[in-house]
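Novice: The following block contains the structure, expressed as structure tokens.
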Amino acid sequence: MRRRIMTLLTALAVVTGLFVVVSPPASAVPLVNAKVTVNRIRAISSDDEGLCGRVDWYVKVWINGVAFNNEDTDDQDDREGISDIEPDWEFSVPNLDVATLPQRDGAAFLPVVVEAWDEDGGFCLDDNQYDVSPTGANALLADVTVAPCQASVEGEAPVACGTPIVRSGNGDDRAELTVTIAVDPPASAPGLRIACTHSPAWPQPGQTVTITATALDGALMPTVVPSSLEIWLSPTDRQTTSGVGTFTRTLTAAAPNFTYGCRLTAGATTIFSGWRRTTVGDPTPNFTFPKPAVPILYTGGPGSRIDVVLIADRETYTGPGPIGLNPMFQTDVSTVIDTGVFGFDPFLTNQDLFNFWLLQDNSGKAVDFSSDDDHDLPVLWDEIFAFADVGVILHRKGPLRDFGMPDDHIASVNLVRPDAMGGVRHEMGHVPFGLADEYCCDAAYFYNEVAPNVYEDLAGDEGCDADAPNLGRVRDACRALEEDGDVYYTSEPGDLTTGLMNDDVMNDNGPPNAADIRRFNLIFGDCRIAKC
């Protein structure tokens, strides 16, 4: 899904730095998200160095017995041969039932194991595990209590979750490993959501920034919570209120960035937006054109996130100064994030898995892909912006048609359309989620072997009829889609009510349906195991 080059990742490290935030004080909530982030791996000594080339790091992680392994992922492959990496690989187990966790001294805890491995093969035979523990174990071993969230490594005194844990081994092949551990409330609960936004989208030093927390029900409608609505700027800096549906907090932006998160408690249920960091001002003033993208809502390492770069169409947003600071573009960026993306339940319930970036000074040109002219990509898009899962060109150019181009990891959205926010969701359905169109009959139809929404065949093991029951439908629910003599099939709903956008996100920009949700869950699931 992702294409990336290492020179770009080096630039991103300059822009974003290490993202470590201590979790807010935990509460005795029934469900939690447990996360282990591998921040850094540094080779200290290696017998293989030279004989089998430089180390190609990957990790094996166990959280409460659930195993993860990120060997041969795109992000791991792109870091091969680098002995000192800072990947921010995050592995998480969502919605853990605290009542089912092991107990010790009356408190629930999670056993955590992290191993560092060198990928070999060929004449080098099997992969090689590196020692990252000063004790007899080669792995980092930790017991993590849930409330309060603390990690005890190999029997040592516990440290607060979010504190970087640094350990080195003493074997012949040894490395230094840095990890952080967090146990947070989930980002949503049945019938309860939280929106957490900031404005302006890209603050400049000295500007007033407004952070807004909004309680929502399961239909994303504003609701009043009886308990508390909180906005955090750090683990010790929070403001809280109760009995309201919306709560705001202001701050004066200061370079280089600020971090915030929103938490909602209703009775015994607590949800947390996750931490997000916002860049203040230009983080790379000495870079020449084209500048790197600015992370305006950054939640974690690109190998564990959907990275969305928002791009100004150069013919729509004009005027003096960097195009990224154009007031209309700033407003449109906020609308696209807050309403287009996080106004869509599959995305809001996974809000902690998105990074949003803004292109400062260049840009693309949105041209109707069905015309003789193709879209114009930003300068060096495939080189310095290869980390992006999708670049979305925003424009206000009349009747031009939206598009999503997976091969270019680019999309375009026309914001003058009355259903523009549905267009954001539809085009992102194409890129990066890989969904095919479901409307007839001038569209992009294709078949995914895993979690398809459109099929090349009606019958057969890989046909639409066979998969329909997996989506909760009868076998004869499929309908045909024809273009240029080729026939495809889908069991997703067609036009149920003429003129109303109420059917399906990949048909008429409506809500998600079963095949869409299955595909979203697949990609988000990959992100939670550092395969994004």
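The values are calculated or read from the model by the stated rules, or taken from the named source; none is laboratory data. Here the structure is a predicted model, which is why all the values come from computation and not from measurement. Cβ placement follows ideal geometry from the backbone for every residue including glycine, while neighbour counts extend to all protein chains displayed.
Novice: Quick one: Thr240 ticks every box in (1) within 21 Å of Ala189 (Cα to Cα); (2) outside any loop (DSSP other than H, G, I, E, B); (3) in contact (Cβ under 8 Å) with a residue 24 or more places away in the chain except a single one, so which number is it?
Specialist: (3)
Novice: Is there any pair with a first residue in region 190-209 that is of a type in the set (Val, Ile, Thr) and a second that is part of a loop (DSSP other than H, G, I, E, B) whose Cβ atoms are under 6 Å apart and which are 6 or more apart or on different chains, and what are they?
Specialist: Here the result reads Ile194/Ser273; Val209/Pro203; Val209/Ala253, each pair linking region 190-209 to a residue that is part of a loop (DSSP other than H, G, I, E, B).
Novice: I've got another one for you. Pairs under 6 Å by beta carbon, first residue among the small types (Gly, Ala, Ser) in region 69-81, partner part of a loop (DSSP other than H, G, I, E, B), six or more apart or different chains?
Specialist: Here the result reads Gly81/Arg54, each pair linking region 69-81 to a residue that is part of a loop (DSSP other than H, G, I, E, B).
Novice: On the basis of being surrounded by 19 or more Cβ atoms within 10 Å (Cβ to Cβ) and among the aliphatic types (A, V, I, L, M), does Ala215 make the cut?
Specialist: yes
Novice: Another question, then. Only one of Val379, Val336, Val392 is among the β-branched types (Val, Ile, Thr), out of contact with any strand residue (DSSP E or B) (no Cβ under 6 Å at 6 or more places or on another chain) and not in a loop (DSSP other than H, G, I, E, B); which?
Specialist: When all the criteria are applied, what remains is Val336.
Novice: Something else: Taking the criterion of being hydrophobic (A, V, I, L, M, F, W, C), farther than 17 Å from Asn33 by Cα, surrounded by 14 or more Cβ atoms within 10 Å (Cβ to Cβ) and in contact with a Leu (Cβ under 8 Å, 6 or more places away or on another chain), would at least one residue in region 120-134 satisfy it?
Specialist: Yes.
Novice: Surrounded by fewer than 20 Cβ atoms within 10 Å (Cβ to Cβ) and at positive phi: does that describe Gly162?
Specialist: When the stated conditions are applied, Gly162 does not pass them.
Novice: Condition (residue is part of a strand (DSSP E or B), at negative phi, surrounded by fewer than 22 Cβ atoms within 10 Å (Cβ to Cβ) and not basic (Lys, Arg)) applied to region 95-103: is it met by at least one residue? Quick ask: steps written out before the conclusion?
Specialist: Residues of region 95-103 that are part of a strand (DSSP E or B), as a first pass: 95-97, 103.
Going one step further and asking which of them are at negative phi, we end up with 96-97, 103.
Narrowing further to those that are surrounded by fewer than 22 Cβ atoms within 10 Å (Cβ to Cβ): 97, 103.
Those left that are additionally not basic (Lys, Arg): 97, 103.
Yes: region 95-103 contains one or more residues that are part of a strand (DSSP E or B), at negative phi, surrounded by fewer than 22 Cβ atoms within 10 Å (Cβ to Cβ) and not basic (Lys, Arg).
Novice: Return the residue satisfying two criteria in turn: it lies in region 349-376 and is among the hydrophobic types (A, V, I, L, M, F, W, C) and modelled with pLDDT under 85, and of such residues it is surrounded by the most Cβ atoms within 10 Å (Cβ to Cβ). Outline the logic, then answer.
Specialist: Filtering region 349-376 for residues among the hydrophobic types (A, V, I, L, M, F, W, C) gives 353-354, 356-359, 366-367, 369.
After this cut, where a residue has to be modelled with pLDDT under 85 as well, the list is 366-367, 369.
Numbers: Ala366: 29, Val367: 21, Phe369: 16.
Only one residue fits best here, namely Ala366.
Novice: Still on this structure: What helices (runs of 4 or more DSSP H), lying completely within region 435-532, carry at least 1 residues that are out of contact with any Cys (no Cβ under 8 Å at 6 or more places or on another chain) and closer than 30 Å to Lys35 by Cα?
Specialist: The qualifying helices (runs of 4 or more DSSP H) are 514-527.
Novice: (1) outside the structural domain of Thr316 (by TED's automatic domain parsing); (2) in contact with a Leu (Cβ under 7 Å, 6 or more places away or on another chain): which one isn't true of Asp442, the others all being true?
Specialist: (2)
Novice: Now for a separate question. For region 297-311, check the following and say yes or no: at least one residue is among the basic types (Lys, Arg), in contact (Cβ under 8 Å) with a residue 24 or more places away in the chain and in contact with a Cys (Cβ under 8 Å, 6 or more places away or on another chain).
Specialist: Checked against the condition, which is being among the basic types (Lys, Arg), in contact (Cβ under 8 Å) with a residue 24 or more places away in the chain and in contact with a Cys (Cβ under 8 Å, 6 or more places away or on another chain), region 297-311 yields at least one hit.
Novice: Can you tell which of Pro205, Pro148 is part of a loop (DSSP other than H, G, I, E, B), within 30 Å of the chain's Cα centre (by Cα) and assigned by TED's automatic domain parsing to the domain that holds Cys262?
Specialist: When all the criteria are applied, what remains is Pro205.
Novice: I'd like the full set of residues that are free of Cβ contacts under 8 Å to residues at least 24 places away in the same chain and within 24 Å of Asp389 (Cβ to Cβ), limited to region 447-469.
Specialist: Glu449
Novice: Still on this structure, I have one more. Quick test of your reading of the structure: Asp484 fulfils all but one of (1) farther than 30 Å from Ile63 by Cβ; (2) among the charged types (D, E, K, R); (3) modelled with pLDDT of 95 or more. Name the failing condition by number.
Specialist: Condition not satisfied by Asp484: (3).
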